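What follows is a single structure, written as structure tokens, with notes after it.
The values are calculated or read from the model by the stated rules, or taken from the named source; none is laboratory data. Since the model is a prediction, treat every value here as computed from it, not as a measurement. Here the Cβ is made from the backbone with ideal geometry for all residues, glycine too, and neighbour counts use every protein chain on show.
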Amino acid sequence: MNALLARVPEFFVANFPTLPALLVGGPLGLAWSFAALGFAGWLKRRGVRTGYTRKTFHFLIFGTVAALQGLGGTPAVCLFGATCSLAVFFAVWRGPGNLFYEAMAREKDEPHRTHFILVPYFTTLVGGLASSLLFGPLAIAGFLVAGLGDAIGEPVGARFGKHRYRVFSRAAVPATRSLEGSAAVGLASACALALAVAASPQLALGSFGWIKIAAIALLSALTEAVSPHGWDNATMQVVPTALAWLWLA
């Protein structure tokens, strides 16, 4: 662990964007982050449940990160992560009632709505950083699984979840998931892994490739099911990336 932490400064120095990238990509990333968050807030104002609007933002951001990993590599991902952070912090600063804040803040997390914006944000950063440090460009597998697989669980659970189970929550807010949502996570994770194989030259199906994808998807769904409330954004990046490195690289 200490060796991994010692590599963090070197990682950011090595992946610091160039000045042209900062001047062009910075404003574009910031505009897109606010646009994605604003769209989710717009849906919320029109009566769409927070379970859907929150994951709309989640899907748009992780999809962007996966695309940037494939097109511009880790420096592009780091730059976009910084601009997206500004949008999230602005939403938290403005607080309840603000369009951007309400796009992410679940009513059922009251009185810790801000906590459950910030915890998933930080776990997203931790998961992305750990995946990139340990597995380099293979982190695209985790980006896609978190972006597609994890994103679909809550909306499916909100709409179709009949068989619910409790999950651990550090803020004493009752948190549940559903078997229907977990099944959707597994199916979407398999699709995400297939996309990762198609997009990454470092990944290949090889022998029993589809069986391996199914196994990784199942383990990803189990990971999401047992992850503490707010922490699945980290585990759903690191676990699929590690398994893709082990079985598909």
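Being buried (at least 21 other Cβ atoms within 10 Å of the Cβ) and either in contact with a strand residue (DSSP E or B) (Cβ under 9 Å, 6 or more places away or on another chain) or among the charged types (D, E, K, R) (or both) is a description that does not apply to Arg45. Condition check: in contact with a helix residue (DSSP H, G or I) (Cβ under 6 Å, 6 or more places away or on another chain), within 17 Å of Ala91 (Cβ to Cβ) and buried (at least 21 other Cβ atoms within 10 Å of the Cβ). Does Ala66 satisfy that? Answer is no for this residue. For beta carbons closer than 7 Å, sequence separation of 6+ or different chains, a first residue in the range 215-235 that is over 21 Å from Leu246 (Cβ atoms) and a second that is assigned to a helix (DSSP H, G or I) and aromatic (Phe, Trp, Tyr), the qualifying pairs are Gly230/Phe116.
When Ala91, Ala87 are screened for being in contact with a Ser or Thr (Cβ under 8 Å, 6 or more places away or on another chain) and aliphatic (A, V, I, L, M), only Ala87 passes.
Among the residues of the range 154-185 satisfying the criterion of being of a type in the set (Phe, Trp, Tyr) and closer than 15 Å to Val226 by Cα, which is modelled with the highest pLDDT? Within the range 154-185, the match that is modelled with the highest pLDDT is Tyr165.
Scanning the range 62-116 for residues that are out of contact with any Pro (no Cβ under 8 Å at 6 or more places or on another chain) and at positive phi yields Gly95, Gly97. The residues on offer are Phe62, Phe11, and the sole one that is in contact (Cβ under 8 Å) with a residue 40 or more places away in the chain, touching a Ser or Thr at 6+ places or on another chain (Cβ under 8 Å), more than 16 Å from Leu86 (Cβ to Cβ) and in a helix (DSSP H, G or I) is Phe11.
Results for (1) touching a Phe, Trp or Tyr at 6+ places or on another chain (Cβ under 9 Å); (2) under 25 Å from Ala67 (Cβ atoms), shown as yes or no for each residue.
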position: Val92; (1), (2): yes, no
position: Ile117; (1), (2): yes, yes
position: Thr124; (1), (2): yes, yes
position: Ser131; (1), (2): yes, yes
position: Leu148; (1), (2): yes, yes
position: Val167; (1), (2): no, no
position: Ser178; (1), (2): yes, no
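Scanning the range 67-98 for residues that are among the small types (Gly, Ala, Ser) and in contact with an Asp or Glu (Cβ under 9 Å, 6 or more places away or on another chain) yields a single hit, Ala91. Of the helices (runs of 4 or more DSSP H) lying entirely inside the range 86-177, those carrying at least 3 residues that are over 30 Å from Ala214 (Cα atoms) and in contact with a helix residue (DSSP H, G or I) (Cβ under 9 Å, 6 or more places away or on another chain) are 99-104, 115-135. Mind checking whether some residue in the range 118-139 is modelled with pLDDT of 95 or more, crowded, with 21+ Cβ neighbours inside 10 Å and more than 26 Å from Ala192 (Cβ to Cβ)? There is no residue in the range 118-139 that is modelled with pLDDT of 95 or more, crowded, with 21+ Cβ neighbours inside 10 Å and more than 26 Å from Ala192 (Cβ to Cβ).
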